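Readers should treat all values here as calculations from the given coordinates under stated rules, not as data from a laboratory. A quick note: this is a predicted structure, and the numbers were derived from the prediction, not measured. Quick reminder, even Gly has a Cβ in these numbers, built from the backbone with ideal geometry, and neighbours come from all protein chains shown.
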Amino acid sequence: MLDWLDSRTGLITQAQNFLKEDVPGGASYWYVFGSATLFAMIIQIVTGIFLTFFYAPSAATAWESTRAIYANPFQHFVLSMHYWGSSAMIALVFLHLLQVLIWGAYKSPREIQWIVGVLLLIVTLVLGFTGYLLPWDMNAYFASQVALNMASSAPVAGPLIQHILQGGAVMGTATINRFFGLHVWLMPAMLVLLVGAHLAILRHNGPAGPAVDDPRPLKKGRFYPDQVFMDTVVSFGVFIVILLLAWFAPPFLDAKANPNVFFIPYPAWYFLSLFGLLNLVPHQFDLFATIVIPTAFIIILFAVPWLDRSISRTTGSRKGMMWGTAVVVAAVIGLSIFSQVSIMGKQAAAAQLAPPPPVASTSTSSSASSATVASTSSSPGARVFSQSCSACHGATGMGQPGAIPPLANNPFVTGPANAVIGVVLNGLHGAITVNGRSYNSMMPTWKGNLTNKQIAEVITYIRGSLGKNKASAVTTAQVAAHKP
């Protein structure tokens, strides 16, 4: 049977040739990162396909279907494996890329192989980013909103990119559907194609082997059974670690996404350094933290084979590249630690303002990353605000970073009443700056949707009750008499 299959496909012969290939320098545990990453990818695909049987992507059903998964022990365990498998895969891609960088295995003739590897890292990070939103809980919503606002700060095309990803001016069902499509279809397809290309190029060029000065040929070792055994041991170890983390440290589900409350999100660990960079730089340099520096870093990564002009792959002959790598790794670790400390400080400060919201989850733990400040005012203006304004600006008027400006502690809001009336009546479009921060979204026209009395009441409430706002009231006559 095998002979018949091989005579028509050649698969058996190809597999035998692959298994009998020599390994430069002999089998080594230094070569296992690629196969371990591939194994983690298989875990993600299998568990991800399983979860799509139970997940419903819409603002009305995403959180509810995720909660139903949590309520089923087996489904919850599979979700936990998917959750920890994503971290394992991203960590392994980082380690594999770092190993190739240290060994100089990006040098001729392996430049294209390096580029494909960098693309694999980017696609893996996009998979993590798009999957983070899908539970549609508080942390997923606000962490994704911050990331989308970062994208909006890109020159010229930024607002358009954010609008396309969100499916509108604010996050909702369209956002979930687009992230779901990216996470389940487009990115996995790109991942499989890139992995295939990476393996094909590896087969063409052969393994680089360790970087040595000795001109004599490296000793040879067999891929099978020596390297296969080592790859299997490490992949099995990765599998056991994922199983243990999924069992003993399952993720919890926070309360359902609600933009009307103030919330301090905690990003995925692989984005902590980017959040740390954003928190570190002054607000007027946000563009550098969100766009310029990350883009420059990616361009430099792609250009590494051409930036390194040394002839040898040994670390001693590539001191500049080694020092640069060490500085970047130290900066990423330092920014991640700074980001975590900063976020924890903000969470602690926010938690003092009000008790945390109830956590809708099968987990008994509550979210350590949330704090809610609810308005208890029952004035007519507060009711109008709750019905018409809080969905975007939040229950306390804190807005959404980068998109919706805050109304609390906003000097424009407490400034001349006629200007505020004009904005409420006629809406507002385009980028604005409030307290040194940039925002870019769209405020609808309320003229004709609210009565002059309602507009006067809500402006009075905003100017006198949100945050530290203490400005004069606005009358119905002022609204009726408004002139641009």
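Couple of notes before you dig in:
- Residue order, fewest to most surrounding Cβ atoms within 10 angstrom, among D3, D137: D3, D137
- Here the sum of -39500 (n - 2.57) over DSSP H runs of 4 or more residues, divided by the residues of the chain, equals -18500 deg cm²/dmol at 222 nm, to the nearest 500.
- Segment 192-316, dipole about Cα centre (Lys/Arg Cβ +1, Asp/Glu Cβ -1), debye to the nearest 20: 420 debye
- Exposure proxy ranking for L307, L148, based on other Cβ atoms within 10 angstrom of each Cβ and starting from the fewest, stands as L307, L148.
- Dividing the convex hull volume of the alpha carbon atoms of segment 201-307 by its residue count gives 239 Å³ per residue.
- Note, ³J(HN,Hα) from phi for segment 267-276, Karplus 6.51, -1.76, 1.60, rounded to Hz, x at Gly and Pro: x, 4, 4, 7, 10, 4, 5, 5, 5, x
- The angle between the Cα long axis of helix 319-351 and the longest principal axis of the Cα atoms of the chain comes to about 30 degrees, rounded to the nearest 10.
- Computed log₁₀ I(q)/I(0) - Debye formula, equal Cα scatterers, no solvent, segment 380-480, q 0.10, 0.12, 0.13 Å⁻¹: -0.22, -0.33, -0.39
- Under 5 Å from the amide H of L428 lie the amide H atoms of M443, each residue being 5 or more positions distant or on a separate chain, with H modelled from the backbone and absent for Pro and chain starts.
- For the chain, the fraction of C-alpha pairs farther apart than 33 angstrom is 48 percent.
- Flagged links, alpha-carbon separation over 19 Å, of K107/K319; K346/K470; K453/K483: K346/K470
- 3J(HN,Hα) couplings calculated from phi for segment 221-231 with the Karplus curve 6.51 cos²θ - 1.76 cosθ + 1.60 (θ = phi - 60°) are, in sequence order, x, 8, 5, 10, x, 5, 5, 4, 4, 5, 4 Hz; Gly and Pro show x.
- Segment 1-70 pair-distance distribution - Cα-Cα, 10 Å bins, rounded %: 15, 21, 24, 19, 17, 4
- Karplus-derived 3J(HN,Hα) values for segment 252-258, using 6.51 cos²θ - 1.76 cosθ + 1.60 with θ = phi - 60°, are 10, 9, 7, 4, 4, 3, 9 Hz; glycine and proline are entered as x.
- Under a 5 Å amide H cut-off, with hydrogens placed 1.01 Å from N, R222 pairs with V23, A27 among residues at least 5 apart or on other chains.
- Least to most buried among L101, L79, L182 (fewest other Cβ within 10 Å first): L182, L101, L79
- Charged-residue dipole, Cβ positions (Lys, Arg, Asp, Glu), the chain about Cα centre, Debye nearest 20: 920 debye
- Projecting the Cα atoms of S28, L95, L425 onto the charge dipole of the chain (Cβ charges, centred on the Cα centre) puts L425 farthest toward the positive pole.
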